[in-house]
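Notes follow once the structure below has been shown.
The values are calculated or read from the model by the stated rules, or taken from the named source; none is laboratory data. Treat the numbers as computed from the prediction; the structure is a model and nothing was measured. Because the Cβ atoms are built from the backbone with ideal geometry, glycine has one as well, and the counts that use them run over all protein chains shown. Side chains included, ligands, DNA and RNA excluded: accessible areas come from the protein's heavy atoms. Shrake-Rupley method; radii C 1.70, N 1.55, O 1.52, S 1.80 Å.
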Amino acid sequence: MLSDKINSLPISQTVGMTAKAHDLKNKGVDVITLSAGEPDFNIPDYIKDAAIDAINNNFHKYSPVDGFLELKKAISTKFKRDNNLDYNVDQIVVSTGAKQSIVNAIMSLINPGDEVIIPTPYWVSYSAMVTLAEGVSVFVNPKDSSHKITANQLESAITDRTKMLMLNSPNNPSGSVFSNDEYLEFSKVLEKYPNIIIISDEIYEHINYDFKTPSFACMPGMYDRTITVNGVSKAFAMTGWRIGYLAASKKIAKACNKMQGQITSGANCIAQQAAIKALIEPPSKIKYMVEEFKVRRDLIIKLLNQIEGFKLDDPPSGAFYIFPDISSYFGKEIKGKMIENSSDLAMLLLEVAHVATVPGDAFGSPNCLRISYAASRENIKDAVERIKSLLT
Ligand code: PMP
Ligand code: GLU
């Protein structure tokens, strides 16, 4: 009865593991959820107030498909202020989360058989979206534990069929961040292949601890070929309000607008009004969250280093995940359960220690486990203590 498309689509494991954790919680089990990539902070009051005002001012009708003009102006101003990028309002499309922005772009550009280069580890949904568009994901594995591919590796993966490159920095799930020089090297390679479009997923832009990740569209010659994706979910703790956006050439923006016009129409109008406020205020207003994430990152690394089987390299420079190599547990029996892969370990941690994480195979790195530290310090301490008493 179901279509081949849906039958071949994997379940999103970030969403799936979090749903399993919620099921257990509903049964009364005290689960600590370190699986979801979502800040545990409340939305800042000045943003909440803008949403309340929007309701009281009767924002209740469909918005234009590509978003309210005032929001697109705020996004344009944000791009100039934070990224030194010039985008006009007709180059911007607001969507129901960055997830929809990315799928709009992939569905608008990929023909069956087109290849999309996806460096690993990658956010779960990229390859599933490429499959939906009947494209072919070409995964490129970093050669070292930096979790970053090199320009040479990028060039080796390019073929006549390459249509797109997915970039994501800071990266989900590894937290790695590309530097300006690394992006310059990529752009030098891409200059030779003018037909390749780049999606630069910058959703973790503000969550970086060492240096600001550059926008790929700023690299020489890349502006017209880059689709810049961002949103308010991570930086403003607005995950459930579902506002994301992309900026691209007029032609691509128009195509994404057309796609969205047939699928979902304009994003939630109240959340759009709140997003205007979130984006026009300076990023310094949300610095306190980033500072707290850094404390938590250092805390979880210190605690997990006490567990021999969790191999961590340099602290990740961005996002709010750590991605240790846990392969030393493979082939071992723990609490009567044989651990063959990262999914087995993640299930054991959930079912016995009641800590929800996401197995690395979901991100193309089967030896690793993603742990989100967007949780309170108490929960982090408690979770690591539970993992430690299970595994040591
Ligand atoms: N890109 C990356 C790398 C992500 O981790 C996520 C998950 N939040 C998204 C895009 C989608 O974000 P949202 O749809 O919540 O805006
Ligand atoms: N992006 C977040 C994550 O990676 C939220 C879940 C999802 O949309 O995949 O956990």
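Restricting the first member to the stretch 59-77 and to residues that are assigned to a helix (DSSP H, G or I), and the second to residues that are of a type in the set (D, E, K, R) and open to solvent by less than 40 Å² (accessible area, probe 1.4 Å), the beta-carbon pairs closer than 8 Å and six or more apart or on different chains are K72/D66. The single residue among D86, D53 that is part of a helix (DSSP H, G or I) and open to solvent by 50 Å² or more (accessible area, probe 1.4 Å) turns out to be D53. Here T159 passes the criteria (1) in contact (Cβ under 8 Å) with a residue 12 or more places away in the chain; (2) in a loop (DSSP other than H, G, I, E, B); (3) within 28 Å of V93 (Cβ to Cβ) except the one numbered (3). Return the residues of the stretch 353-383 that are open to solvent by 60 Å² or more (accessible area, probe 1.4 Å), under 17 Å from L303 (Cα atoms) and either assigned to a loop (DSSP other than H, G, I, E, B) or touching a Cys at 6+ places or on another chain (Cβ under 8 Å) (or both); say none if nothing qualifies. Answer for the stretch 353-383, where residues must be open to solvent by 60 Å² or more (accessible area, probe 1.4 Å), under 17 Å from L303 (Cα atoms) and either assigned to a loop (DSSP other than H, G, I, E, B) or touching a Cys at 6+ places or on another chain (Cβ under 8 Å) (or both): there is none.
If you check L350, L345 for being crowded, with 17+ Cβ neighbours inside 10 Å and either among the basic types (K, R) or more than 23 Å from H147 (Cβ to Cβ) (or both), only one passes: L350.
Here the condition is being away from ligand 1 (no atom under 12 Å from the Cβ), over 22 Å from T77 (Cβ atoms) and at pLDDT 95 or above; of E281, E292, it holds for E292 alone. Please indicate, with yes or no, whether at least one residue in the stretch 171-183 is surrounded by 18 or more Cβ atoms within 10 Å (Cβ to Cβ), closer than 22 Å to M107 by Cβ and out of contact with any Cys (no Cβ under 8 Å at 6 or more places or on another chain). There is at least one residue in the stretch 171-183 that is surrounded by 18 or more Cβ atoms within 10 Å (Cβ to Cβ), closer than 22 Å to M107 by Cβ and out of contact with any Cys (no Cβ under 8 Å at 6 or more places or on another chain). Check the stretch 26-34 and report whether any residue there is within 21 Å of W241 (Cα to Cα) and surrounded by 20 or more Cβ atoms within 10 Å (Cβ to Cβ). Checking the stretch 26-34: at least one residue is within 21 Å of W241 (Cα to Cα) and surrounded by 20 or more Cβ atoms within 10 Å (Cβ to Cβ). For S101, the requirement of being part of a helix (DSSP H, G or I), among the small types (G, A, S) and open to solvent by less than 20 Å² (accessible area, probe 1.4 Å) is met. Please specify each residue of the stretch 7-23 satisfying the condition of being over 24 Å from F320 (Cα atoms) and either of a type in the set (S, T, Y) or at pLDDT 95 or above (or both). Within the stretch 7-23, S8 is the sole residue that qualifies. Taking first residues from the stretch 319-332 that are more than 16 Å from V384 (Cβ to Cβ) and partners that are open to solvent by 20 Å² or more (accessible area, probe 1.4 Å), the Cβ contacts under 6 Å between residues at least 6 apart in sequence or on separate chains come to D325/K311; D325/N367; S327/N367.
All but one of (1) touching a Ser or Thr at 6+ places or on another chain (Cβ under 6 Å); (2) open to solvent by 30 Å² or more (accessible area, probe 1.4 Å); (3) in a loop (DSSP other than H, G, I, E, B) hold for N195, so report the exception by its number. Only one criterion in (1) touching a Ser or Thr at 6+ places or on another chain (Cβ under 6 Å); (2) open to solvent by 30 Å² or more (accessible area, probe 1.4 Å); (3) in a loop (DSSP other than H, G, I, E, B) is unmet by N195, namely (1). Only one of the listed residues (K258, K212) is away from ligand 2 (no atom under 14 Å from the Cβ), of a type in the set (K, R), without any contact (Cβ under 8 Å) to a residue 12 or more places away in the chain and surrounded by fewer than 24 Cβ atoms within 10 Å (Cβ to Cβ). That residue is K212. Being surrounded by fewer than 17 Cβ atoms within 10 Å (Cβ to Cβ) and among the acidic types (D, E) is a description that does not apply to D325. Is at least one residue of the stretch 14-21 more than 16 Å from ligand 2 (Cβ to nearest atom) and surrounded by fewer than 21 Cβ atoms within 10 Å (Cβ to Cβ)? Checked against the condition, which is being more than 16 Å from ligand 2 (Cβ to nearest atom) and surrounded by fewer than 21 Cβ atoms within 10 Å (Cβ to Cβ), the stretch 14-21 yields no hits at all.
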